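I have placed the structure first, in the form of structure tokens, so that the comments after it can refer back to it.
The values are calculated or read from the model by the stated rules, or taken from the named source; none is laboratory data. Keep in mind it's a predicted model, so treat the numbers as computed, not measured. All Cβ positions, glycine included, derive from the backbone under ideal geometry; neighbour counts span all protein chains shown.
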Amino acid sequence: MRQVLAGVRVLDFGRYIAGPYCAALLGDFGAEVIRIEKRTGGEDRFQAPVSETGDGALFQQVGRNKRGMTLDPMTEAGQEVVRRLVATADVVVANLPPQTLAAMKLDYESLKAVKPDIILTMVTAYGRGGPYSERVGFDGIGQVMSGATYMTSEADGEKPFRFQAAWVDFGTALHCAFGTVLALMARQQTGRGQVVEGALLGTALTVSNAMLIEQALLGINRTPTGNRGQTSGPVDIFRTRDGWILVQVVGDPLFRRWARLMGEDHWLTDPRFKDDISRGENGPLLSERMSRWCAERTSADALAILGEAMIPAGPVLKPQQVLDDPHVQAMGFFQPTDYPGLPAPAPIARVALALSDTPADLRHRAPVLGEHTDSILAELGYDEAAIADLRARSVI
């Protein structure tokens, strides 16, 4: 089956997560993606090393479905390679500072001079046009500046906690992949390329938007409550006899089922629990009742009873427990993927999106450093002697 993005060529100059994962998503749906990294390898290649040569866990995920080449685009010969690559491409993905893009001739004006209908998908930390625009940043910057990290502590003034998973980076990658596909559709209609720009802070503010809307309109100045929800309840993480589970009761139908399960039918007419916001305000009472119920049961027993009552709940799993979970395994959320030097196949997360007619496909592993340099250059018209010369001059 022909994939929906087959025939689209993407040049991935990205680093770390937002750019590379955006390009990986395009590759999952059929685009040909060429990852271009410096001769010694991009820094993101070696994060959390898992292979004999130091290739990292993150790279196994974001490098899939890509061909890989090395290149120094700051040299004159390297920029000629860039020009030839761009002339064959539809999309350039680069999460680099604007000044770096210009120095590498990857800014939009330079790209258009080579390929007038090119699409440039770029990611910055803060977006362009504000006082922080020239600053650089990672996922955590978006987390701490969105209000989310402040709310992730036990009480106001206590040390807040950054979320370990890079939700800002991955969210930005999703935005950028969506924007890139829209730009490709627009090009079909107009014949013109454009710039697609994502910002880490913009993603973080989007995810935190409801909390910020409430603050703007009501000036409520909420303070942290740990894992306990503030606008419904009971919403919290509870200790069982052998672990921890999360329970989320949101909306009147769920609360009615929960109150009856707890044997607290009289709470259904108690004004303290008349609606979600009231239940959030009186969350400590609800969490205390749920805590007593959970403390008498194992996680498995509690989840079975809650599941039967159609109340959302799930276990707090350690990483190995995630991998061993029977539902995770049955659903095939991970695709075991070999890579040179790994002690075992890596469990690469498939795209969390199912299309019935044009599904994603994890076709091949991430490339080893410079794996396809010679073949890509040959496609661009470089013969063996020219490729050897580039290598001798440390361009590749």
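Of all residues assigned to region 119-131, none qualifies as being surrounded by fewer than 16 Cβ atoms within 10 Å (Cβ to Cβ), in contact (Cβ under 8 Å) with a residue 24 or more places away in the chain and among the hydroxyl-bearing types (Ser, Thr, Tyr). Within region 91-129, work out how many residues are in a loop (DSSP other than H, G, I, E, B) and within 15 Å of Gly14 (Cβ to Cβ). Qualifying residue count for the region: 6. Restricting attention to region 32-64, the residues that are among the aromatic types (Phe, Trp, Tyr) and more than 17 Å from Thr337 (Cβ to Cβ) total 1.
A quick yes/no check of all residues on (1) in contact (Cβ under 8 Å) with a residue 12 or more places away in the chain; (2) crowded, with 17+ Cβ neighbours inside 10 Å:
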{"site": "Leu323", "(1), (2)": "yes, no"}
{"site": "Gln335", "(1), (2)": "yes, no"}
{"site": "Pro340", "(1), (2)": "yes, no"}
{"site": "Ala349", "(1), (2)": "yes, no"}
{"site": "Ser356", "(1), (2)": "no, no"}
{"site": "Ala360", "(1), (2)": "yes, yes"}
{"site": "Arg363", "(1), (2)": "yes, no"}
{"site": "Leu380", "(1), (2)": "yes, no"}
{"site": "Glu384", "(1), (2)": "no, no"}
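Does Asp28 satisfy the condition of being out of contact with any Ser or Thr (no Cβ under 6 Å at 6 or more places or on another chain), of a type in the set (Asp, Glu) and crowded, with 24+ Cβ neighbours inside 10 Å? Answer is no for this residue.
One residue alone among Gln60, Gln99 is out of contact with any helix residue (DSSP H, G or I) (no Cβ under 6 Å at 6 or more places or on another chain), among the polar types (S, T, N, Q) and either closer than 14 Å to Leu369 by Cα or not assigned by TED's automatic domain parsing to the domain that holds Phe334 (or both), and that residue is Gln60. Taken over region 15-67, residues that are in a loop (DSSP other than H, G, I, E, B), in contact with a strand residue (DSSP E or B) (Cβ under 9 Å, 6 or more places away or on another chain) and within 19 Å of Leu5 (Cβ to Cβ) amount to 4. There is no residue in region 337-347 that is more than 22 Å from the chain's Cα centre (by Cα), farther than 30 Å from Arg2 by Cβ and among the acidic types (Asp, Glu).
Considering only residues of region 1-14 that are surrounded by fewer than 18 Cβ atoms within 10 Å (Cβ to Cβ) and in a loop (DSSP other than H, G, I, E, B), which is modelled with the lowest pLDDT?
Kept after step one, since they are surrounded by fewer than 18 Cβ atoms within 10 Å (Cβ to Cβ), are these residues of region 1-14: 1-2, 4, 6-7, 9.
Filter once more, keeping what is in a loop (DSSP other than H, G, I, E, B): 1-2, 4, 6-7.
On the way: Met1: 68, Arg2: 77, Val4: 95, Ala6: 96, Gly7: 96.
Looking at the filtered set, the residue picked out is Met1.
Just one of the listed residues (Ile277, Ile237) is touching a residue at least 60 places away in the same chain (Cβ under 8 Å) and out of contact with any Asp or Glu (no Cβ under 9 Å at 6 or more places or on another chain), namely Ile237.
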